[in-house]
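Following: one structure in C-alpha cells, then a few remarks.
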Number of protein chains: 2
Amino acid sequence: MLEDKNPQRTSLEELGEFGLIEHLTKNFELKQSTSIQGIGDDAAVLDFKDKKVVVSTDMLVEGVHFDLSYMPLKHLGYKAVIVNLSDIYAMNAVATQITMSIAVSNRFPLEALEEFYAGVQTACEFYNVDLIGGDTTSSKTGMLISATSIGVANTDDLVYRNGAKANDLLVVSGDLGGAYLGLQVLEREKEVFKVNPNSQPDLDPYSYIVERQLKPEARKDMVDLLKKLEVHPTAMIDISDGLSSEILHLCKNSGVGCNLFEDKIPLDPTVISTAEEFKMDSTMIALSGGEDYELLFTIDQADYPKIKANPNLTVIGHITSKEEGVHLITRAETKIPLKAQGWNSFDGIQ
Amino acid sequence: MLEDKNPQRTSLEELGEFGLIEHLTKNFELKQSTSIQGIGDDAAVLDFKDKKVVVSTDMLVEGVHFDLSYMPLKHLGYKAVIVNLSDIYAMNAVATQITMSIAVSNRFPLEALEEFYAGVQTACEFYNVDLIGGDTTSSKTGMLISATSIGVANTDDLVYRNGAKANDLLVVSGDLGGAYLGLQVLEREKEVFKVNPNSQPDLDPYSYIVERQLKPEARKDMVDLLKKLEVHPTAMIDISDGLSSEILHLCKNSGVGCNLFEDKIPLDPTVISTAEEFKMDSTMIALSGGEDYELLFTIDQADYPKIKANPNLTVIGHITSKEEGVHLITRAETKIPLKAQGWNSFDGIQ
C-alpha cells in the first residue's frame, strides 16, 4: 500500500549510537525559555521558576498500537508526540518539553528514522515544545516508542480528574469514534492489498476518519479556548481509550455518578456512514473505540452560557451523586449502566 | 539456571490495563516534597520552586540490554531505576522522581511484573525517589523498559560535560570492568546450563562481578561525598558505555585533550583474575566494557588534596589542550590514541 519511495539506505551500524542521536536531533532547536540544556549531556536542564511542573509518559508498540504497513513513519513520529501532549493538555497545562526514545531493528535504514524524527519535529514545532532528550537503541523485533512530556501551569489553572461535582455538565471537544473507524478502513485495505498488491485503494470517502487515525491532533486549542472563555473545568481527562472508560475514570476519581445521553454524543457524518458500512453501532464505537484524543471535562452549570455557542464543544451529560451510578441514557430512553469497554492493550477492545 | 519458584500465575487479561497499573503501584508512596500528584491522573504534578530541573531517559530492551534467563526480574526492576538515576547524579543533581514504563507479552504472569516492581520499589526507596508515572502495555515479543528520571539542583551545583580545562585531573569513582566480566561469567554458565540443565553453577568466586552486572548501584554516595569534601567537579559524566567512550565524550564537549594512564585504572582483583581466566585484557575491558555506572569527572588541581585520601576516588589522568589529543599512556609508556570502543546497542562492542 505504501511504497518506500526513497531507495537510499544507510545502515545504523555505520553511524553508531552516538552519531545517530546527534544526527537525528541536529535540526531541533530549543525555543522554550524553560529549556536551559537539551540533548547532549547526561540529562536536560530545565528552569520552571514558580510554576508547577506536569509530567506524563506513554509507550507505543508496533503490532499493538501501530502497524507500519499503513502508518507512514513521519505520521508515526507526529502521533507519538501528540499522544503524549494530550495528557498534558488534559491537566489544563501548557506543554513545554518532550523526550522521545525509540527501539528499532538495526535493519531499519537511517532514512526511516529520519522520517520518524521529521514527524516528531513537525509536531514539536506545531505544539511549541522542545525535544530535550531521548534514547535510540536496537530492538530484536518490532519498533517501540516511549515518550515523556513535560508541561507547566499555575497552581490555580491545573485541572485534575477528581473535581467533578453533582449537577456539573459533562462536555466533550470535537467528535468521537473517527480514529477507531479509520483504523478499520486501513485494516480492510491492508487485507485487500494482501490479496491483490496492484489494487489502488480509494480512501477519499474516508479521508476524515483515516486522518483521525494517522494524524490525530492534541486539543491544545481547547485549552486555549477555555482560558479565553474564562471557563475553568472542575475535572478533565483526555479520551485515549474510548468515552466510556474515561467517564468511568473521571467519575471514580471524583466520587460521583453520571448520566450520559446517547443522542448527544458528537459523531461526524463519515463516522455514521462508515459505521453503517461496517455494520457496527456508532455509539458503541464512540464509547469504546479510543484514540480520539479529545478532551472530556466537567463544568459548573453557571459556565454553560460561555460554551453553548461553540461548535467544538458538546454537552453530553451531567454529573449525579455517586449513589445514582454511571449510566447511558439511550435514544430509546432506557437507562443502562456504563461499562468500561475501552481499548486495552493486553487484549484489544474488551 | 533460575527456576520460577512461584507457581502462581495470574493472567494480565484478568486484571486489564488500568487495574494493572493500580495494582502494581499501590505500595509506592510519594515522599518528596516536590511531588504534588503521582500516578492516577493524566499527568503527575511537581513543584520545584526555584530549583533547576534535570531530566534523563533510557530504554532497556530484552535480548539487547538484558537476558531474562539469568536476570531475575526483581534485579531488573532495580537496575532499570539505577541506570536512569546514574545520569541525574552525573549532573551533580539530586534525583527526586522517576517514571517507569514496560511492555511485556501478555503471557507474562502478573506475579512476574510484581517481582519487577518490587525491584523498582526497593531502588526508589534506597535512592529516595518517587515513582510518579508510567505505562504498562503489551509487547508482541520481548520485554522492553523505558524510564525517565527527574532531579533538582541549584544552578551553581550543576556539573555539565563541557567544563573540563587543561591541567584538570581526571578522576573516576569505584572500579571498572566488573559488570562486563560478570556478564561473561553469566553467559558462560548459561551455555553450560543448556548442555546440562542439572549443573549447579558455582558463582561464589565471581560474586563481586556478578553483582556488578545484576545489581549495580548509582553513585549517589559520590555526589554526597563530593559535596561534603567541597569539591565541585569541572565536568562530569557517568560510565555506562565504557571508560574510553565517556572520556571522548567529555573531551569533545569540553574542547580539550587528555592523557589516561593505564596503570592508574582501578580494577578489582576479581576483574584481574577473571579477565586472565577468559584470556581477555583487563584494560580493554575497563575501556570498553560498559555498565559500570561509576562517575568520571575532572577537578581543578587545587582540589587534589581533598580527594587524595579517599579509596573510592582514583586519579587516572589529566586534561591537556585539544591539540594534544586524547591518549592512553600504556604500562610500557607508549602513547596510543584512545578510540571509542564502548558498547553500542546496534552492534554490541564495536
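Values for this structure:
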{"item": "Helix axis angle, A:178-195 relative to chain A longest principal axis, alpha carbon, degrees", "result": "50"}
{"item": "For the protein assembly as shown, accessible area per residue (1.4 Å probe, heavy atoms of protein chains only), Å²", "result": "40"}
{"item": "Inter-label distance, nm, simple model (7 Å from Cα along the C-beta direction), B:S33/B:N312", "result": "2.5"}
{"item": "For the pair B and A, total buried accessible area rounded to nearest 100 Å², probe 1.4 Å", "result": "5500"}
{"item": "Dipole-positive endmost among B:G178, B:Q213, B:N253 within the range B:169-349 (Cβ charges, Cα centre)", "result": "B:N253"}
{"item": "Residues listed by number, the range B:61-81, amide nitrogen under 15 Å from B:E187 label point at 7 Å toward C-beta", "result": "B:63-71"}
{"item": "For q = 0.06, 0.08, 0.10 Å⁻¹, Debye-computed log10 I/I(0) when each Cα of the protein assembly as shown counts as one equal scatterer", "result": "-0.37, -0.64, -0.97"}
{"item": "Surface share of carbon and sulfur [accessible, 1.4 angstrom probe, percent] for the protein assembly as shown", "result": "50"}
{"item": "DSSP bridge pairs, the range A:169-349: antiparallel proportion in percent, nearest 5", "result": "85"}
{"item": "Between the range B:187-213 and the range B:64-118, the Cα center-to-center distance that results, in Å", "result": "22"}
{"item": "Convex hull of Cα atoms in the range A:191-350, direction-averaged projection (nm²)", "result": "11.5"}
{"item": "Approximate spin-label separation A:N162-B:D67, in nm, with each point projected 7 Å along Cα-to-Cβ", "result": "4.6"}
{"item": "FRET efficiency, 1/(1 + (r/R0)^6) with R0 60 Å, evaluated for A:K49 and B:T334 via beta carbons", "result": "0.65"}
{"item": "Under 13 Å, Cβ to Cβ, from B:E29 - net charge with Lys/Arg +1 and Asp/Glu -1", "result": "0"}
{"item": "Cα coordinate range in the range A:99-169, projected on the principal axes (Å, largest first)", "result": "56, 26, 20"}
{"item": "P(r) histogram, all alpha-carbon pairs of chain A included - 10 Å bins from 0, percent", "result": "5, 24, 31, 25, 12, 3, 0"}
{"item": "Degrees, to the nearest 10: B:73-89 long Cα axis against longest axis of chain B", "result": "40"}
{"item": "Of the trypsin sites (Lys or Arg not before Pro) in the range A:22-126, those whose Cβ has at most 10 other Cβ within 10 Å and which sit in DSSP loop", "result": "A:K26, A:R107"}
{"item": "Occluded residues from the range B:30-46, i.e. those whose accessible area drops by 30 Å² or more once the chain is not alone (1.4 Å probe)", "result": "B:G40, B:D41, B:D42, B:A43, B:A44, B:V45, B:L46"}
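The values are calculated or read from the model by the stated rules, or taken from the named source; none is laboratory data. This one's a predicted model, so the numbers in the text were calculated from it and none came from an experiment. For neighbour counting, all protein chains shown are included, and Cβ atoms are generated from backbone atoms with ideal geometry for every residue, glycine included. Calculation scope for accessible area: heavy atoms of the full protein, side chains included, ligands and nucleic acids excluded. Shrake-Rupley method; radii C 1.70, N 1.55, O 1.52, S 1.80 Å.
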